[in-house]
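Q: Questions regarding the structure given below will be posed in turn.
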Amino acid sequence: MSVEIKQAKCIAVLGTGSDVGKSVVATALCRIFSDQGHKVAPYKAQNMSNNSGVTPEGLEMGRAQIVQAEAARIAPHVDMNPVLLKPVTQIGSQVVLLGKVHKDLSAAEYHREKAKLWDTACRALDRLRASNDVVVMEGAGSCAEVNLMARDIVNLKMAAYAKAPVILTADIDRGGVFAQIVGTLACLNKAEQDMIAGVIINRFRGDIALFKEGVAWIEKKTGKPVFGVLPWVNHRIPNEDSVVIEQAVAKIDPTQTPTVLVVRTPHISNFTDFDPLFQVDGLGVDFVEHPRDLAAYKAVILPGSKSTRSDLNWLARTGWASKIQTYVKNGGHILGVCGGYQMLGTKVHDPHGFEGTPGDTYGLGLLPLETVLKAPKTTTISRFEWDGVPGLGYEIHMGRTVPADRIASGKPEDKGLLRVKERNRQACTDFDGAATDSGRVMGTYMHGFFDSAPILKKWLSLLGLGKLEPPESCGLHGRDRQYDMLARHFETHVDVAAIVCAMNLKKVMGVPYPCRLPVNT
């Protein structure tokens, strides 16, 4: 007697390009299916992002799938993002395989390993399908890059492996939405076109009633239903694509509004660390690439970096370094997070060439510390205290940052900015970070530093902005409310029943869906 192996139903959210809203659509579906009683998991076979996070087991994966797991009300697991690429140079990336560093590969070397990566990705999806009712799959970039499709493991090839109907997501806000949709389909062969179950148009501004003719034209031209047109909404769900900050232009006058400046370094990572700052009423936040006078800013932040030494050289070459040093000399506040913390010290040593050619790079000299880059990579979810104020964050970094005399001796830190109480659910009595006596220069390895409202309030008070109030729930609780709001917004404007029918997911908790489309059997 054969035993039927459980296989979850899958839906694939692919796009007409990068940053068209695939992650948001997938996040909404994760919360909606969870609300309807399904055990649902997100999945992205291959992710390219320096915006990563940590699982409860201390393994590394893309932030977008961590967000989607939160929306699905489950713990993140590396099977949800089995292959993570973290760009190190313009032509190469660090490959993280099932949460652990595999190796650094050039683009050509990476393509030679595709067979192994494909197998790893398929096995991860198989495990998710065996333990869930629904898997919401997300693609990467455009699903119709004809020069890359033969080697692609994340878009249509993976959807075909899962026998998943595809939602094609397009962004009307950037313009050319008709060409996006029709052009994408024109680049696909007949079998690939048949995989597209329907279209979602994202980021619409204005009166949707005026777009009815546009919807009718798309449906007639393509033969595909438009599942919905999503109005633009200012949700506060963390973004993954660096496109978001690459397109950001500083529009705030720091002489009129208290403003924090984040230096947009070339290898910026984990920029979602600063999402809670955007939620503080009365506080401006600027991501700035080109050096400028800093005198009017309440604080300057050096973010995480995938290549600390390269970004340090960039700071010196562009003039940022001298601007920052002058700002601190004149009484300014600066915070360094992870790679930014390493930059605040006097020197970064890379004896094994983790970031390129082995060697040393001088830091900004604002903290009396040196960093040695070395394996293994630290990946932890950490509970900490800052002068007795509790917080929860995560650490992802290579190396150790300590006073110079402790580098040689190997002695552990006996003081720091933060007292670490727990790492990966194991109690500890460690220290993290450092600060000058005045507290105007401080650094930490702790990502998610501002996710705890009391920590954010304490930092604002240090800047003389104690009258500003952070939201009561700027961590997971706050994000959970945003997932609910996004799901209700999605259900209002998208025909969820049609998507369910395309999946042949006939019932939720024993109740049939009011299907408006023929069910494919």
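The values are calculated or read from the model by the stated rules, or taken from the named source; none is laboratory data. Given the structure is predicted, the values throughout are model-derived calculations rather than measurements. Glycine gets a Cβ as well: all are built from the backbone with ideal geometry, and neighbour counts include every protein chain shown. To get the accessible areas, we keep the full protein, side chains included, count just its heavy atoms, and leave off ligands, DNA and RNA. Shrake-Rupley method; radii C 1.70, N 1.55, O 1.52, S 1.80 Å.
Q: Quick check on my filter: what residues within segment 18-41 are under 14 Å from the mean Cα position of the chain (by Cα) and not in a helix (DSSP H, G or I)?
A: Within segment 18-41, Ser18, Asp19, Gly21 meet the criteria.
Q: Just give me the residues in segment 138-186 being over 16 Å from Val215 (Cα atoms), among the β-branched types (Val, Ile, Thr) and touching a residue at least 60 places away in the same chain (Cβ under 8 Å), in sequence order.
A: Answer for segment 138-186, where residues must be over 16 Å from Val215 (Cα atoms), among the β-branched types (Val, Ile, Thr) and touching a residue at least 60 places away in the same chain (Cβ under 8 Å): Ile153, Val154, Val166, Thr184.
Q: Residues that are closer than 27 Å to Tyr161 by Cβ, in a helix (DSSP H, G or I), modelled with pLDDT of 95 or more and of a type in the set (Val, Ile, Thr): does segment 196-211 have at least one?
A: The answer is no; no qualifying residue exists.
Q: Restricting the search to segment 321-340, which residues are out of contact with any Pro (no Cβ under 6 Å at 6 or more places or on another chain), among the small types (Gly, Ala, Ser) and under 9 Å from Leu302 (Cα atoms)?
A: Scanning segment 321-340 gives Gly336, Gly339.
Q: Now for a different question. Would you mind telling me which numbered condition in (1) closer than 21 Å to Gly304 by Cα; (2) touching a residue at least 60 places away in the same chain (Cβ under 8 Å) Leu117 fails?
A: Only one criterion in (1) closer than 21 Å to Gly304 by Cα; (2) touching a residue at least 60 places away in the same chain (Cβ under 8 Å) is unmet by Leu117, namely (1).
Q: If Arg123 meets every condition in (1) within 12 Å of Lys44 (Cα to Cα); (2) open to solvent by 10 Å² or more (accessible area, probe 1.4 Å); (3) modelled with pLDDT of 95 or more apart from one, which number is that one?
A: Failing condition for Arg123: (1).
Q: Please work out if Ala41 is under 22 Å from Gln482 (Cα atoms), touching a strand residue (DSSP E or B) at 6+ places or on another chain (Cβ under 8 Å) and in contact (Cβ under 8 Å) with a residue 60 or more places away in the chain.
A: yes
Q: Could we say that Glu70 is at pLDDT 90 or above and either open to solvent by 10 Å² or more (accessible area, probe 1.4 Å) or outside any helix (DSSP H, G or I) (or both) here?
A: yes
Q: Would you be able to say whether some residue in segment 83-105 is within 30 Å of Val199 (Cβ to Cβ) and either in a loop (DSSP other than H, G, I, E, B) or touching an Asp or Glu at 6+ places or on another chain (Cβ under 7 Å) (or both)?
A: yes
Q: Also, quick follow-up: Based on this model, can you work out whether Ser461 counts as in a helix (DSSP H, G or I), at pLDDT 70 or above, surrounded by fewer than 13 Cβ atoms within 10 Å (Cβ to Cβ) and of a type in the set (Gly, Ala, Ser)? I'd like the intermediate steps shown before the answer.
A: Details: in a helix (DSSP H, G or I): yes; at pLDDT 70 or above: yes; surrounded by fewer than 13 Cβ atoms within 10 Å (Cβ to Cβ): yes; of a type in the set (Gly, Ala, Ser): yes.
Yes.
Q: Then there's this: crowded, with 22+ Cβ neighbours inside 10 Å and outside any strand (DSSP E or B): does that describe Phe384?
A: Working: crowded, with 22+ Cβ neighbours inside 10 Å: yes; outside any strand (DSSP E or B): no.
Answer is no for this residue.
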